[in-house]
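First up is the structure itself, then whatever we jot down about it.
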Amino acid sequence: MGSVDEFLKECSKSGDAAYGAFRSVLERLEDPNTRVQARIFLSDLQKRFPSKDDSLQCFHTHHFRIEDIYLDQFQGYRGRKKLTTMVIPSIFVPEDWSFTFYEGLNRHPDSIFKDKTVAELGCGNGWISIAIAEKWLPSKVYGLDINPRAVKVSWINLYLNALDEKGQPVYDEEKKTLLDRVEFHESDLLSYCKDNGIQLERIVGCIPQILNPNPDAMSKMITENASEEFLYSLSNYCALQDQFGLGLIARAVEEGIAVIKPSGILIFNMGGRPGQAVCKRLFERRGFCVNKIWQTKVIQAADTDISALVEIEKNSPHRFEFFMGLSGDQPICARTAWAYGKAGGSISHALSVYSCQLRQPNQVKTIFEFLKNGFHDISSSLDLYFEDDSVADEKIPFLAYLARILKENSFFPYEPPAGSKLFRNLIAGFMKTYHHVPLNADNIVVFPSRAVAIENALRLFSPRLAVVDEHLTRHLPRPWLTSLVIENTGNDNPSQDILTVIEAPRQSDLMIEVIKKLKPQVVVTGIAHFEAVTSSAFEHLLSITREIGCRLFLDISDNFELSSLPGSSGVLKYLAGTRLPSHAAIICGLVKNRVYSDLEAAFIISEEEAIFKALSKTVELLEGITAPINQYYYGCLFHELLSFQLADRRPSVKRESQKCDSVEMIGFASSAISVLNNSELSINEAENTALIHMDVDQSFLPIPSAVKAAIFESFARQNMADSEIDVTSSIKHFIKRNYGFSTDSSTEFVFADSSLALFNKVVLCCIQEGGTLCFPAGSNGNYVSAAKFLKANIANIPTKCEDGFKLTEKILSEVLNTVNKPWVYISGPTVNPTGLLYNNKEIGNVLSTCAKFGARVVIDTSFSGLEFDSESWGGWDLDGSLSKLSCSANPSFGVSLFGGLSLKMLTGALKFGFLVLNQTPLVDTFHNFPGFSKPHSTVKYAIKKLLGLGEQKSGYFLDGVAEQIRNLRSRSKRLKETLENCGWDVLESCAGVSMVAKPSAYLNKIVKLKKSPKDGGSTENDATYEVKLDDINIREAIFKSTGLCINSSSWTGIPGYCRFTIALEESEFERALDCIIKFKESVPGSL
């Protein structure tokens, strides 16, 4: 190592030479055999420069200095009086920032670091890490710095203080040295801890806020041989800062969330130039509770250029905070500070030490784990600060749950129309745990909203007269509320049936008086608040409705609390001890959440199996499924409430059944029974949980990351502006770009949770105008069944195989010539179920024919947007087609457009439908039917964002859609090959998610099927029965043989042809192909 003089001579050559010389010293310190000699050498070196002036001169001449930092000047001092430290020019020199920070650390109680695992970010020369270890005796301190030279110097300083001047170990009260407690590592913020799986209990950081015009600095190769200027800049954390100089601190906080233990604490030193509120918000919006434990002022360094801050103030409303000298108490802006400083004045800024702890650590960790997994761009939208703790307790767990769902699932799984089984179990669990009502999932049917639930229930029973609580009639069809027909008309035409609703007061005695006088078939009412505590009013309603043979739907929404201490409910007290009578059901709308006031779901409780099944089928026909996101939200609330409760250890109370004379009640409407029994709805057999659904119009394809980001961002945002959730202009551009369909100021746009719900309102408009709804053979079977359920007059338009089962002018003319007031339904450009396309000429000819007969045309675009073989299509120009008809068309002719974006955008759980009405009379009629569930603001935000990405031709979004289109093309070909190899005649599709095929090889073949319990079979034997296959019962045969669900020809409306959907999860699609082969093998003589 040589003499001190030789060492100084080497150091005087340059800063790099000095660093090299000290690195040699460190090597000797690390070797136990030379450690004592090396430490003594450093003592001799320090003695050469005994005064502060000598030390400064050494720094300029020899490019290093060794000096003492006195600890007894700080409040809370305990232990050794001083630390000995050295610095070199290429690392950050301790100054007021770090001393103020250490002052703040001393304000904590002694237990803050004792036996804890600690990390210091930007440790510089390591003195604060060493001081923490010296005073508080932590288990381990990791000093981290991105500057490799700083790390080496920190190790030297550790040895300087772990050993005395004679090179002997200095032991603390626990018989450990600083070498046992402290380590230094090169690390970009907390990367060392993340990479090595180190969980921390304390993270401290003194990171300056410096605006750097060169954001690429971090990407440079960081080595010990980099220039001194670059390494010094690195030590000052100049890189990757935002406009306030807080970007690196924000990243440090977010990285800290990943490695901090749930009870851990972050302690950061924050300069106050951006303003105290901005600094505090940096932590709060990331889910931290913040405590400011120390604040002072420091003089702004004279060589710091704040002109960049002046420029920010010029271009934004933000004002930075400076002070005139250390005594000034009124803040001044950056521009004033800049001018004052230029004139020779001294300016200062605040410096604060913040202690921060996550309010819900596990959930916040989950959220940030999701964001760093490819979704960091949306972290700027995240705001986890809430003035009301109850809001935080509701929103943060949901965001964590949503993050987990989006991270772990590539698609949203199939859920039965009655609602997610998990969600219904959670509702039942809440009822049992909090109200002691022993329900199960099969007692509960989920609806999009309370209004929808009420209207669906009334349509199921179609009473001549219903009495409805005046608070619950706002969304009911206006014809029901204006009809004066309260006697049976004797009309045999079901489409002319009049359902009359009479409004009545909610107060039970007045409601009962109305019921006695009018004797309705159905009553829908709530319970007045002053009557809700006891069960008396409910029992009176049960009694009177039973006496007159009336169905009762009781609404408990206003008295149902999602709380760990729910208020007393007389209705639920009654149900805890008495079974719900067969003529009664409970309706509950879920709207009492603290975060999203218009996010709704609802459910109906019935303990009658027949009513449960009928309601399940009704919601499937009229609504589709309740938006999964809504079910996730309330499911999360129920789950959180249940997690607070211990399992009920009391024995279950045996409930009584009401003993009463049997009274004939109104049953389901005859038209409803016919449709529900004969419609091919989705199969949801409880005994077979491994069903493969090729029979539902849902996409189970992987959800693009852009969609996941939009979903999460929509819920993470707070205080969304109206312009951010107004989707009207986006939908205008969407239909113009995709279908050439223009709109004007008179056009009405209607948005709903699903396109099916909007279609059903259009059907009601058709019925009210006395029209006939014309379906081409080869239409969506659910839509046809829904129209029948609503009692529409329906005409079938034959189609031919050689025309691809599409409409032609000739056949359409023949049918329209025989129909009064025709309304023509067209699925296009992509036809569901065939997967074929109407080209522009074909749709133009169809519209021309409709115009001659004055037909109203309803174009369903719900299944369009995923065209994979569209060379002969070329897109639509509806404006061009309609402009040619403007003079010759019958005045009643018009075109309405409706659709959804779930398939086009692969949005999965996002349910959104739109309807575009261009005729004023039709708009007026439509508003008579307000009872549909509108999309929540979060859905509209996400949809608007995705439509914007589409318009911007965003690569990462469109690439995801293009990939799925390629996937659909491949699947279409594979399914076609498999079907043909198994004896099916396939109509090759070129778009969408479905295709049709004829089971030619199976017709009239005999197959043996195993009996299920509902067929009279037993789970304990292998009883079978024989079936002669045709194009309808083949659906049941395939389902019972393989678990594969398809649609038969009764659904497609095309004689002989069944439908298969292909938008399945990858493994499910492979299983579906295997099932098709398996079925072929089970049918003797099928080939």
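The values are calculated or read from the model by the stated rules, or taken from the named source; none is laboratory data. Small disclaimer: the values here were computed from a predicted structure and weren't measured. A quick note on method: Cβ atoms are made from the backbone with ideal geometry, for glycine too, and the neighbour counts reach across all protein chains shown. Accessible surface areas use protein heavy atoms only, side chains included; no ligands, DNA or RNA. Shrake-Rupley method; radii C 1.70, N 1.55, O 1.52, S 1.80 Å.
Below is a table of values for the structure above.
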item: Beta bridge orientation in the chain: antiparallel %, DSSP, nearest 5; result: 50
item: Dipole moment magnitude, nearest 20 debye, the range 8-58 about Cα centre, only Lys, Arg, Asp, Glu C-beta charged; result: 100
item: Nearest-ten-degree value, helix 421-435 long axis tilted from longest Cα axis of the chain; result: 80
item: Value of [θ]222 nm, deg cm²/dmol, for the chain, DSSP H segments ≥ 4, -39500 (n - 2.57) each, nearest 500; result: -12000 deg cm²/dmol
item: Relative contact order (%) - criterion: Cα under 8 Å, at least six apart; region: the range 113-190; result: 36
item: Extension gain (nm, one decimal) between A301 and E769, 0.36 nm per residue minus Cα-Cα; result: 160.5 nm
item: Whichever lysines have a C-alpha closer than 24 Å to that of K314, once near sequence neighbours (fewer than 8 apart) are set aside; result: K280, K342
item: From phi via Karplus (6.51, -1.76, 1.60), per-residue ³J(HN,Hα) for the range 959-967 in Hz, x at Gly/Pro; result: 4, x, 5, 4, 5, 5, 5, 4, 5
item: Exceeding the 24 Å Cα-Cα cut-off - candidates K998/K1040; K788/K940; K800/K998; result: K788/K940
item: Probe 1.4 Å - accessible area at R202, Å² to nearest ten; result: 20
item: Cβ-Cβ FRET estimate between T920 and N409, R0 fixed at 30 Å, reported to 0.05; result: 0.10
item: Nearest-ten-degree value, helix 508-518 long axis tilted from longest Cα axis of the chain; result: 20
item: Potential extension, R80-A721 segment - 0.36 nm per residue separation minus Cα distance; result: 225.0 nm
item: Exceeding the 19 Å Cα-Cα cut-off - candidates K732/K761; K13/K52; K519/K613; K432/K573; result: K732/K761; K13/K52; K519/K613
item: Förster radius 51 Å - calculated FRET efficiency between C333 and D53 (Cβ-Cβ, nearest 0.05); result: 0.85
item: Nearest-ten-degree value, helix 52-62 long axis tilted from longest Cα axis of the chain; result: 80
item: Modelled label reach - H471, point 7 Å along Cα→Cβ, the range 560-597 residues with backbone N closer than 20 Å; result: 560-563, 566-575, 585-594, 597
item: Projected label distance in nm at E513 and E814, using a 7 Å step from Cα toward the beta-carbon; result: 6.4
item: Under the Karplus curve 6.51 cos²θ - 1.76 cosθ + 1.60, θ = phi - 60°, whole-Hz ³J(HN,Hα) for the range 760-765, x wherever Gly or Pro sits; result: 5, 6, 5, 4, 5, 4
item: Cα extents of the chain along the three principal axes, largest first (Å); result: 116, 70, 68
item: Förster-model FRET efficiency, 30 Å R0, R23 and D188, C-beta, rounded to 0.05; result: 0.90
item: J(HN,Hα) series, the range 938-946, from Karplus relation 6.51 cos²θ - 1.76 cosθ + 1.60, nearest Hz, glycine and proline x; result: 5, 5, 5, 4, 5, 5, 4, 5, 5
item: Inter-site label distance for D959 and S745 at 7 Å from Cα along Cβ, in nm; result: 4.4
item: Cα-centre dipole for the chain with unit charges at Cβ (Lys and Arg positive, Asp and Glu negative), debye to 20; result: 800
item: Burial ranking of peptide ranges 175-183, 743-751 (average Cβ count within 10 Å, highest at the top); result: 175-183, 743-751
item: Label-to-label distance, nm, for residues given as T728 and K114 (7 Å Cα→Cβ offset); result: 6.6
item: Cα gyration tensor shape of the range 127-182, rounded if a/c is under 1.5, else prolate or oblate by comparing a/b with b/c; result: oblate
item: Positive-pole candidate from F603, Y102, A716, dipole of the chain, charges at beta carbon; result: F603
item: Cut-off under 5 Å, modelled amide H: who pairs with W294 long-range; result: V353
item: About the Cα centre, charge dipole magnitude for the range 289-379 (Lys/Arg +1, Asp/Glu -1 at Cβ), debye; result: 240
